[in-house]
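K.L.:
Sending over a structure as structure tokens; questions will come in a sec.
The values are calculated or read from the model by the stated rules, or taken from the named source; none is laboratory data. Quantities reported herein were computed from a predicted structural model and do not represent experimental measurements. Counting neighbours? That spans all protein chains shown, and the Cβs are built from the backbone with ideal geometry, glycine included.
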Amino acid sequence: MEHARTPVKKSPNFSSWWKAIQKFWGKKQGKAILLGAAAVIVAAVILLVCLFWPSTPLAVGNNGLAVQMGSTIYYANANDQNRLYAMKTDGSGNHQVLAETIGGMVTDGTNLYAFINDEYRYLWTLNLENRSRSLLMDTAAGEMGYSNRYLYYTDFNKDNTLYSLYLSDTNVHTQLTSLPTYDLSSDGNNVYFRYGRDGDYALCSVPLAGGDVTTILSKQVLDVVYYEGKLYYIDQQRNFCSVNPDSSQDQVISEIPCSNLVIFEDQLYFIHNGEAEEEDAGSLCRMNLDGSGYEVLAQGSYNNINVVENRVFFLDNNRQMYYYDIQHRTVGRV
């Protein structure tokens with residue numbers, strides 16, 4: 001007597017799965033479902049990458065000595081005639097990138113925008129992957145910054161007036177104000193600046209794309225930096241202060257005389273002016289944004305701070321360049 005055979009279940013393999021997918025793909029509704037599922041998976045992967053991929057912390061208030069792109073720091077080496085150098089964020093691989101003098105720079109994450117040879121302060125676009133360059137602007141630019149696809153700058157030839165350049169259409173330069181402007185900062189929508197002329201002083205804002213100028217404070221301001229919803233500034237007595245962009249909650253945070261404000265990861269890096277003969281030179285210091293935790297990082301007569309991830313670049317009165325290693329709390333010469 002023959003026994004009925006129990007059918008053997010085959011484990012699904014790649015071939016069987018692929019055939020099933022191909023069969024499902026052949027149906028009009030199946031194709032739509034598969035495309036929709038693929039789109040959801042891709043979006044989920046992109047979201048996870050954005051959430052968990054380590055981002056580059058950025059400092060605000062930097063003045064063109066150094067920038068960071070990914071894991072590389074680019075800086076104008078004051079110890080080598082301000083030629084462009086690069087190093088990894090851990091300090092390794094330090095080498096010269098360009099033999100020309102760099103007068104100041106900002107980055108949009110892909111390109112560097114810099115003054116080359118600095119004689120006329122013409123602005124160049126540098127693509128460091130293929131070592132190419134192109135003239136972006138043959139205007140004598142002064143201060144400059146980058147935010148939200150806009151390059152904003154002052155024009156030396158036009159009484160330091162403020163302009164913006166939309167980098168997707170570099171033929172369009174928008175004059176934002178006819179006022180002489182200084183100490184530029186941006187929140188991505190507006191440019192904040194101070195001006196002073198003939199005894200008239202103010203802290204103001206204007207939209208990056210152009211529009212009306214708004215006066216935030218009608219008083220003398222010596223430096224200004226926007227950071228996470230607040231404007232931090234130095235008043236005439238060199239106190240460290242803050243105010244909201246809508247003019248509310250104007251307050252003195254610290255009476256420590258300071259200049260050269262740079263904010264990085266919720267901390268203020270600055271020059272303490274209390275012991276130096278020169279107005280804008282003193283010890284490199286740090287404190288929290290509420291005025292607590294004040295400490296001296298490098299005793300001396302320094303100026304011109306730039307912070308990029310784990311290093312603070314700064315100059316002494318002889319234009320010699322140094323760095324402070326935030327992680328190891330050490331000072332070295334570049």
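K.L.:
Small (Gly, Ala, Ser), surrounded by 13 or more Cβ atoms within 10 Å (Cβ to Cβ), under 30 Å from Arg329 (Cβ atoms) and at pLDDT below 90: is that true of Ala298 in this structure?
P.N.:
No, not satisfied.
K.L.:
So which of Thr181, Thr139 ends up being under 30 Å from His272 (Cβ atoms) and among the polar types (S, T, N, Q)?
P.N.:
Thr181
K.L.:
Name the single residue, out of those in segment 65-83 being more than 18 Å from the chain's Cα centre (by Cα) and closer than 23 Å to Phe264 by Cα, that is surrounded by the fewest Cβ atoms within 10 Å (Cβ to Cβ).
P.N.:
Ala78
K.L.:
Which numbered condition trips up Ala114, out of (1) crowded, with 17+ Cβ neighbours inside 10 Å; (2) small (Gly, Ala, Ser); (3) under 26 Å from Tyr233 (Cβ atoms)?
P.N.:
(3)
K.L.:
On to the next question. Taking segment 159-199, which residues are among the charged types (D, E, K, R) and in contact with a strand residue (DSSP E or B) (Cβ under 8 Å, 6 or more places away or on another chain)?
P.N.:
Residues satisfying the conditions are Asp183, Asp187, Arg194.
K.L.:
Go over the candidates Gly142, Gly103 one by one and state the one that is in contact with a helix residue (DSSP H, G or I) (Cβ under 6 Å, 6 or more places away or on another chain) and in a strand (DSSP E or B).
P.N.:
Working: Gly103 fails: in contact with a helix residue (DSSP H, G or I) (Cβ under 6 Å, 6 or more places away or on another chain).
It is Gly142.
K.L.:
Examine segment 122-131 for a residue that is touching a residue at least 24 places away in the same chain (Cβ under 8 Å), crowded, with 21+ Cβ neighbours inside 10 Å and touching a strand residue (DSSP E or B) at 6+ places or on another chain (Cβ under 9 Å), and state whether such a residue exists.
P.N.:
Yes, there is a match, as at least one residue in segment 122-131 is touching a residue at least 24 places away in the same chain (Cβ under 8 Å), crowded, with 21+ Cβ neighbours inside 10 Å and touching a strand residue (DSSP E or B) at 6+ places or on another chain (Cβ under 9 Å).
Every residue, every condition in (1) buried (at least 18 other Cβ atoms within 10 Å of the Cβ); (2) assigned to a loop (DSSP other than H, G, I, E, B); (3) not hydroxyl-bearing (Ser, Thr, Tyr), yes or no:
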site: Tyr232; (1), (2), (3): yes, no, no
site: Cys241; (1), (2), (3): yes, no, yes
site: Ser248; (1), (2), (3): no, yes, no
site: Ile271; (1), (2), (3): yes, no, yes
site: Cys285; (1), (2), (3): yes, no, yes
site: Ser292; (1), (2), (3): no, yes, no
site: Asn306; (1), (2), (3): yes, no, yes
site: Phe314; (1), (2), (3): yes, no, yes
site: Val331; (1), (2), (3): no, no, yes
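K.L.:
Please name all residue pairs, on different chains or six or more residues apart, with Cβ atoms under 9 Å, provided the first residue is in segment 320-334 and is charged (D, E, K, R) and the second residue is crowded, with 19+ Cβ neighbours inside 10 Å and modelled with pLDDT under 90.
P.N.:
none
Listed here are the residues, each with its yes/no results for (1) modelled with pLDDT under 95; (2) on the phi < 0 side of the Ramachandran plot; (3) of a type outside the set (Ser, Thr, Tyr).
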| site | (1), (2), (3) |
| --- | --- |
| Leu289 | no, yes, yes |
| Tyr294 | no, yes, no |
| Asn304 | yes, no, yes |
| Arg319 | yes, no, yes |
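K.L.:
It is to be established whether one or more residues within segment 99-114 are closer than 19 Å to Asn189 by Cα and hydrophobic (A, V, I, L, M, F, W, C).
P.N.:
Yes; the residues of segment 99-114 include at least one that is closer than 19 Å to Asn189 by Cα and hydrophobic (A, V, I, L, M, F, W, C).
K.L.:
Right, next: Taking the stated definitions as given, is Asn318 under 28 Å from Thr181 (Cα atoms) and assigned to a loop (DSSP other than H, G, I, E, B)?
P.N.:
yes
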